[in-house]
Amino acid sequence: MTKEEAKQIADLINTRNELTKKYSSESILASKENYVFIKEADKIIACAESKKVQWYQYEISHVSIDANYESKGFGSKILKLSENKAIENNARLLQCTIRTNNVNSIRLFSTKGYKQVNMFHNLKSGNWVFIYQKIISQ
């Protein structure tokens, strides 16, 4: 991953998510092994973070699609890349958190076999957040 790619990823995540902290190219580069992305004409149009939480568990977060590429299948493609990364590293459980008002992410994860298992209130953001999980059979 180049510094320019890291900058584009940070910009896309910051623009497309309601986060309590902003990402920088430096923070992306520091954990570049956690990111997957799709480029079109030298522009990152989709990205996500897929990181190990426990030996058996991966968290997929910040699935972000450029607004000009929404509803064209890139959410499914970037989620699949994120899942494949976890599967290659022997994950057994995939997890994500989704704001309760984020209907696009809820639809994406639900149609890909994730189940809502709980919810909580994020005091920092003021948002209610669903926890979704998917068991990976090996």
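The values are calculated or read from the model by the stated rules, or taken from the named source; none is laboratory data. Since the model is a prediction, treat every value here as computed from it, not as a measurement. Virtual Cβ from ideal backbone geometry, glycine too; neighbours counted across all protein chains shown. All accessible areas refer to the heavy atoms of the entire protein, side chains included, with ligands and DNA or RNA removed. Shrake-Rupley method; radii C 1.70, N 1.55, O 1.52, S 1.80 Å.
Numbers below:
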quantity: Accessible-area order (highest first, 1.4 angstrom probe) of the listed residues Phe37, Phe74; calculated: Phe37, Phe74
quantity: Karplus-derived 3J(HN,Hα), 6.51/-1.76/1.60, for each residue of region 31-46, Hz, glycine and proline x; calculated: 10, 4, 5, 8, 9, 10, 7, 10, 10, 9, 6, 6, 10, 6, 10, 8
quantity: Accessible-area value, Asp11, 1.4 Å probe, nucleic acids and ligands omitted, Å²; calculated: 70 Å²
quantity: Under-5 Å amide H pairs with Arg92, H placed in peptide plane, nonlocal only; calculated: Gln57, Tyr58
quantity: Volume in Å³ per residue [convex hull over Cα atoms, computed for region 66-124]; calculated: 119 Å³
quantity: Rg/Rh ratio calculated on Cα atoms of region 17-89 (Kirkwood radius); calculated: 0.96
quantity: Binned Cα-Cα distances of the chain, short to long, each 5 Å bin given as a whole percent; calculated: 2, 10, 20, 23, 22, 16, 6, 1
quantity: Efficiency of FRET from Cβ geometry, Ile135 and Asn89, R₀ 22 Å, rounded to 0.05; calculated: 0.90
quantity: Amide H within-cut-off set for Lys112, under 5 Å, with H built and near neighbours excluded; calculated: none
quantity: Solvent exposure, largest accessible area first (probe 1.4 Å, DNA, RNA and ligands not counted), of Thr100, Thr2, Thr111; calculated: Thr111, Thr2, Thr100
quantity: Modelled FRET efficiency - R0 22 Å, Asn14 with Ser71, Cβ distances, 0.05 increments; calculated: 0.55
quantity: Given charges at beta-carbon only (K, R positive; D, E negative), |dipole| of the chain in Debye; calculated: 360 debye
